[in-house]
Structure formats: structure tokens, C-alpha cells
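Colleague: Sharing a structure here in C-alpha cells format.
Read-outs throughout are calculated quantities, based only on the coordinates presented, and are distinct from any laboratory measurement. These numbers come from a predicted model, not from an experiment. Because the Cβ atoms are built from the backbone with ideal geometry, glycine has one as well, and the counts that use them run over all protein chains shown.
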Amino acid sequence: MTQRTLVLLKPDAVRRGLIGEIIGRIERKAGWTISALELRSLSQETLEQHYGEHKGKPFYEPLVAFMSSGPVVALVVDGERVIEGIRQLAGPTDPIAAAPGSIRGDFGVIVRENLIHASDSEESAERELKIFFPNLV
Ligand code: RTP
Ligand code: MG
């Protein structure tokens, strides 16, 4: 089942020089294709749309501050079961709970600064792709 997903390399990943390491893991999966890729700074409006489901939660304001603390790398990835696949590569939200071998498990410690975002379902992917890459066909 070919799918399309949105991936963000968060500001901590960019600051720490982990762009190549993380994209390399995605690229090496057989049959997945990067169809868009851009370094960009996210506006408050974009973050409000993207993380709207978390508005009102205690971690929302610090999350938005963190996500606007530096540029992110936004990618669109296409391929077989890529939505579930990249969530697996990333590991659970809390990097300490994430197994070694996963991106968060290998490089993260802090829950907020967990390196990568990946859409968590087909519905989320569709919604998030419209926010970040509205003109992609
Ligand atoms: P993401 O949306 O960024 O891909 O991460 P996720 O699905 O694994 O986690 P989610 O529950 O959607 O949370 C979004 C992001 O908010 C930060 N967070 N901080 N307790 C906390 O301090 C807390 N909980 C979540 C993380 O950056 C998480 O990825
Ligand atoms: Mg999420």
C-alpha cells in the first residue's frame, strides 16, 4: 500500500548536525522516495495548525516555542507503508522509552526535543501535507 507522509526534522536535529544521519536512515529503506525537502523556519500560524490537537495541554506553549527556536527540515516521503514505517524508525515520543536503534532512542533524552515528527495516520498525513506542501501534486 503506497502512502505519503510528512516528516519534520525538529530544530534540535538541525542544530546538532543530525540531518544527514536521519535522512540517511529514511533513504536506505527499500522503496521509499523523498519527493520534497526544504529547510524552513515555521511561523506561529503554521505551528498552531500543525499542533492544534495539543492546544490547551501543558506542553503546548513550550512545544511551539521549541519548534520555532530554529529551522526545521520538512520532507515528504512516499512509499510502501511509509506512515507506520517512519513512526517505527522514530520510536515512541519519550526518547528514554524508545529502543536503541530507533532515531529517538539513539539520539534523544528530553521528551520535547525528540528530533523528528512523522504523521501518525493517513488522516494526519493528508491534513499535515496540506499545511506544509499545499502545492505538491
Ligand atoms: P510528533 O507529533 O511531534 O510526531 O510526536 P508524537 O506524535 O510522538 O507525540 P505527540 O503526543 O503528538 O506530541 C507532540 C510533541 O510534543 C512534545 N511533547 N512534549 N510531556 C511533554 O513535555 C511533551 N509531550 C509531548 C514532543 O516534542 C512531541 O513529539
Ligand atoms: Mg503527534
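Colleague: Give me the dipole magnitude in Debye, nearest 20, for region 2-137 about the Cα centre, with unit charges on the beta carbon: positive for Lys and Arg, negative for Asp and Glu.
Modeller: Numbers: 16 positive and 19 negative charges, 54 e Å.
My answer is approximately 260 debye.
Colleague: Treating cross-link reach as a plain straight distance, find the lysines whose alpha-carbon is under 28 Å from the alpha-carbon of Lys55, omitting any fewer than eight places away in the same chain.
Modeller: Lys10, Lys130
Colleague: Can I ask one more? Express the C-alpha Rg of region 2-132 as a ratio against the empirical globular expectation 2.2 N^0.38 Å, rounded to two decimals. Present the calculation step by step, with values, prior to reporting the outcome.
Modeller: Values: Rg = 13.6 Å, N = 131, 2.2 N^0.38 = 14.0 Å.
Relative to the rule-of-thumb radius for its length, region 2-132 sits at 0.97.
Colleague: So, one more: Between Gln3 and residues 5 or more places away or on another chain, which pairs have amide H atoms under 5 Å apart, with H built 1.01 Å from N, and which residues are they?
Modeller: Gly79, Glu80, Arg81, Val82
Colleague: Just name one of Gly85, Ile103, Ala36: the one whose Cα is farthest towards the positive end of the charge dipole of region 2-132 (beta-carbon charges, Lys/Arg +1, Asp/Glu -1).
Modeller: The listed residue farthest towards the positive side: Ile103.
Colleague: While we're looking at this one, here's another question. Based on the mean of other beta carbon atoms within 10 Å per residue, what is the order of 43-52, 103-112, most packed first? Walk me through the numbers before you get to the answer.
Modeller: Numbers: 43-52: 13.9, 103-112: 17.8.
Highest-to-lowest ranking by the protection proxy: 103-112, 43-52.
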